[in-house]
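Single-structure report; data block below.
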């Protein structure tokens, strides 16, 4: 999963294709995963935010990971599995599924329903989960995305978990959009793989010591993002694309662009409660992104 320099590099937060009936389209998923890797991604991360992971239950998780293995992916090098659950039992099951398929790492979100929880409560939740995994517990990337979870993972909490479970926490994905938080992670936990979810801050973070990203933009512009994630080289087109996506619901907006890139409108299907972007908005977004990508990099 790491590239030649030993850093984490670029992992796509893989979008999940659904049929009109709501089932996961495994053929489209594996074909898209192959395309992402062929275009510069070092690995794929399934069941993340962009992949609507919180809406994907255990049976589908087994099916997706099995399909990737069947398609020739090497899980120990190329696949990261997201865990997004509120109950200990559900989180434990999701984690065990990822490990059972030999995944390189888990991207572990905090419990996201109860608000106003503090580090003490979060430590207890994470600690019980890791203790329940026992000897299986390894390669956990903590997922800080308070815009979705409304629950933050502080540098202090990370430190406490690292002390309690040496070697188990190997990275942090910072999707806060707050560069000061990224810098705090680099200052206090720079020996971990610090990953930046907001592509607009990625190159700066990589120059400061971050190891790369797990990001949604790599679903349709992996070649652009790779320069940021690996070389720490800014590209103003990336900022412009992210800004365009953020003007509408981001997860369906990414799917619009995957559909556009593959000339396959079936990709626009969402799993409720999320809904697709309407046709006119979709066409306008695709035209805007095409125009941005066509511009010369500064």
Do any helices (runs of 4 or more DSSP H) entirely within region 235-298 hold 2 or more residues that are under 20 Å from residue 33 (Cβ atoms) and under 21 Å from the mean Cα position of the chain (by Cα), and if so, which? 250-262
State whether the residues of region 180-191 include one that is within 18 Å of the chain's Cα centre (by Cα) and assigned to a loop (DSSP other than H, G, I, E, B). no
Counting only residues in region 93-118 that are crowded, with 16+ Cβ neighbours inside 10 Å and more than 27 Å from residue 74 (Cβ to Cβ), the one modelled with the lowest pLDDT is identified as 112
So residue 269 clears everything in (1) within 24 Å of residue 53 (Cα to Cα); (2) out of contact with any strand residue (DSSP E or B) (no Cβ under 7 Å at 6 or more places or on another chain) except one condition, right? Which one? (2)
List the residue pairs whose Cβ atoms are under 8 Å apart, where the first residue sits in region 255-274 and is free of Cβ contacts under 8 Å to residues at least 12 places away in the same chain, the second is part of a helix (DSSP H, G or I), and the two are 6 or more positions apart or on different chains. 265/259
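Hey, does region 208-215 have a residue that's buried (at least 20 other Cβ atoms within 10 Å of the Cβ), part of a loop (DSSP other than H, G, I, E, B) and in contact with a strand residue (DSSP E or B) (Cβ under 6 Å, 6 or more places away or on another chain)?
The first filter runs over region 208-215 and keeps only residues buried (at least 20 other Cβ atoms within 10 Å of the Cβ), leaving 210-215.
After this cut, where a residue has to be part of a loop (DSSP other than H, G, I, E, B) as well, the list is 210-211.
Now restrict to residues that are in contact with a strand residue (DSSP E or B) (Cβ under 6 Å, 6 or more places away or on another chain): 210-211.
Checked region 208-215: at least one residue is buried (at least 20 other Cβ atoms within 10 Å of the Cβ), part of a loop (DSSP other than H, G, I, E, B) and in contact with a strand residue (DSSP E or B) (Cβ under 6 Å, 6 or more places away or on another chain).
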Give region 1-30 a look and list any residue that's touching a strand residue (DSSP E or B) at 6+ places or on another chain (Cβ under 7 Å) and at pLDDT below 95, or say none. 1, 2, 3, 7
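For residue 168, state whether it is within 14 Å of the chain's Cα centre (by Cα) and either surrounded by fewer than 21 Cβ atoms within 10 Å (Cβ to Cβ) or within 23 Å of residue 55 (Cβ to Cβ) (or both).
In short, no.
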Looking only at strands (runs of 3 or more DSSP E) that fall completely inside region 1-84, which ones have 3 or more residues that are without any contact (Cβ under 8 Å) to a residue 24 or more places away in the chain, under 13 Å from the mean Cα position of the chain (by Cα) and surrounded by fewer than 23 Cβ atoms within 10 Å (Cβ to Cβ)? none
Enumeration of residues in region 126-151 that are surrounded by fewer than 17 Cβ atoms within 10 Å (Cβ to Cβ) and touching a helix residue (DSSP H, G or I) at 6+ places or on another chain (Cβ under 7 Å): 127, 128, 132, 136
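The values are calculated or read from the model by the stated rules, or taken from the named source; none is laboratory data. Nothing here was measured: the structure is a model prediction, and the numbers come from that model. Positions of Cβ are generated from backbone atoms using ideal geometry, with glycine treated the same way; all protein chains shown enter the neighbour counts.
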